[in-house]
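Right, one structure below, let's go through it.
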Amino acid sequence: MGLFDKLKSRLTRTRENLSGRMDELVETYVELDDDFYDELTDILIMADVGVKTTELAVNQLRDKCKNEKIGNPAKAREALKEILENIMGSEPMKLASPMVLFVIGVNGVGKTTSIGKLASRLKTVGRRVIICAGDTFRAAAADQLTIWAERAGVPIIKRHEGADPASVVFDGIQAAKARGADVLIVDTAGRLHNKAHLMEELKKMARVISREFPEAKARSLLVIDATTGQNGLAQANVFKDVADLEGIILTKLDGTAKGGIAIAIRHELGLPVRYIGVGEQIDDLQPFDAKEFIDAIF
């Protein structure tokens, strides 16, 4: 199965919700009147595209159809796809060597599995990867991460539960330097109830990297569970205040009928979706491509 076919098969629920209702809309209307645009607005909001992003997309569609004299609902549907692709854009993440990737997100969003899948993907394209178990607060976090490190076939650096995360990062840096690693992926504590503490923790780890590994580029990726919809957007807003985010890993897209959240994240937060999770297997994390994503859900 090719990447697009795999993506298409995994996004069945979103496609049935969004594309199915779009098909009904196109069949129902013979012209692009206010009722058509109102129903289109409802469809996009129900798919978690978000109110602001929906408003932008529908207004752009109105203007495009008016300027290009598009009066056919089927052609308007194709024009909408193009508009949504443009809103999202596709910005492949630039990988440096050496590089430190902080992976952050609340507990339960799929952070641990995403780290394992990301490590596997980077290894597949020839990168030498080490995982660092920096979430020392959650019980068994390092054990779960170890399982994924073994699946990915990459080494993991860890300490006992409750250890200082910055000290684990220090160990990870020493290992990365000694082994000539390209990418050090650092798991971080998924706590939001104390933002100040989390911010200080991230700053402390960043200082260790700046001091011990100045040649490395440090970046942060935020993991969001697509099934949480607008709540995921709220989480991203909080983390955006805490960390300098490079982009988003959007997980569990195969389990939601509201995959439009990917579009809302890009527009409302100004953050690119870098990778999407579309299953439980180790190769089910894919680099995000806006055109393929929009094609798959339509």
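The values are calculated or read from the model by the stated rules, or taken from the named source; none is laboratory data. From a predicted model like this one, the values you see are computed outputs, not experimental measurements. Heads up, the Cβs are rebuilt from the backbone with ideal geometry, glycines too, and the neighbour counts pull from every protein chain shown.
Conditions (1) touching a strand residue (DSSP E or B) at 6+ places or on another chain (Cβ under 9 Å); (2) of a type in the set (A, V, I, L, M, F, W, C), marked per residue:
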site: 203; (1), (2): no, no
site: 218; (1), (2): yes, yes
site: 225; (1), (2): yes, no
site: 233; (1), (2): yes, yes
site: 244; (1), (2): yes, no
site: 257; (1), (2): no, yes
site: 269; (1), (2): yes, yes
site: 275; (1), (2): yes, no
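Test residue 147 against the criterion of being buried (at least 22 other Cβ atoms within 10 Å of the Cβ) and part of a helix (DSSP H, G or I), and give yes or no.
Spelling it out, it is not the case that residue 147 is buried (at least 22 other Cβ atoms within 10 Å of the Cβ) and part of a helix (DSSP H, G or I).
Quick one: residue 196 ticks every box in (1) of a type in the set (Gly, Ala, Ser); (2) modelled with pLDDT of 95 or more; (3) under 20 Å from residue 137 (Cβ atoms) except a single one, so which number is it?
Of the numbered conditions (1) of a type in the set (Gly, Ala, Ser); (2) modelled with pLDDT of 95 or more; (3) under 20 Å from residue 137 (Cβ atoms), the odd one out for residue 196 is (2).
Could you grab the pairs with beta carbons closer than 8 Å, sequence gap of 6+ or different chains, first residue in region 169-183 and in contact (Cβ under 8 Å) with a residue 12 or more places away in the chain, second one among the basic types (Lys, Arg) and not in a helix (DSSP H, G or I)?
Qualifying pairs under 8 Å: 171/159; 179/128; 180/128; 181/128; 182/127; 182/128; 183/127; 183/128.
Being without any contact (Cβ under 8 Å) to a residue 40 or more places away in the chain and within 19 Å of residue 249 (Cβ to Cβ) is the filter here; which residues of region 125-146 pass it?
125, 144
Would you check which residues across region 150-185 are among the hydrophobic types (A, V, I, L, M, F, W, C), assigned to a loop (DSSP other than H, G, I, E, B) and closer than 18 Å to residue 209 by Cα and list them?
Once the filter is applied, which keeps residues that are among the hydrophobic types (A, V, I, L, M, F, W, C), assigned to a loop (DSSP other than H, G, I, E, B) and closer than 18 Å to residue 209 by Cα, region 150-185 yields 163, 181.
Would you be able to say whether some residue in region 155-165 is surrounded by fewer than 15 Cβ atoms within 10 Å (Cβ to Cβ), more than 22 Å from the chain's Cα centre (by Cα) and free of Cβ contacts under 8 Å to residues at least 24 places away in the same chain?
No, because not a single residue in region 155-165 is surrounded by fewer than 15 Cβ atoms within 10 Å (Cβ to Cβ), more than 22 Å from the chain's Cα centre (by Cα) and free of Cβ contacts under 8 Å to residues at least 24 places away in the same chain.
For region 80-111, what are the residues that are assigned to a helix (DSSP H, G or I) and over 14 Å from the mean Cα position of the chain (by Cα)?
80, 81, 82, 83, 84, 85, 86, 87
Regarding region 224-234, can at least one residue be identified that is in contact (Cβ under 8 Å) with a residue 60 or more places away in the chain, polar (S, T, N, Q), in a helix (DSSP H, G or I) and closer than 27 Å to residue 296 by Cβ?
yes
Check off (1) in a strand (DSSP E or B); (2) surrounded by 20 or more Cβ atoms within 10 Å (Cβ to Cβ) for residue 205 and give me the number that stays unchecked.
Here residue 205 clears every test but (1).
State yes or no: is residue 74 of a type outside the set (D, E, K, R), surrounded by fewer than 16 Cβ atoms within 10 Å (Cβ to Cβ) and free of Cβ contacts under 8 Å to residues at least 24 places away in the same chain? Step through it out loud before you land on a result.
On the way: of a type outside the set (D, E, K, R): yes; surrounded by fewer than 16 Cβ atoms within 10 Å (Cβ to Cβ): yes; free of Cβ contacts under 8 Å to residues at least 24 places away in the same chain: no.
Taking the combined requirement at face value, the residue does not satisfy it.
If you check 248, 265, which single one turns out to be touching a Pro at 6+ places or on another chain (Cβ under 8 Å), free of Cβ contacts under 8 Å to residues at least 60 places away in the same chain, crowded, with 19+ Cβ neighbours inside 10 Å and closer than 21 Å to residue 287 by Cα?
248
Name the residues in region 9-47 that are more than 23 Å from residue 268 (Cβ to Cβ) and of a type in the set (Ser, Thr, Tyr), would you?
9, 12, 28, 29
In region 1-51, what count of residues is obtained for those that are in contact with an Asp or Glu (Cβ under 6 Å, 6 or more places away or on another chain) and among the basic types (Lys, Arg)?
Here the count works out to 1.
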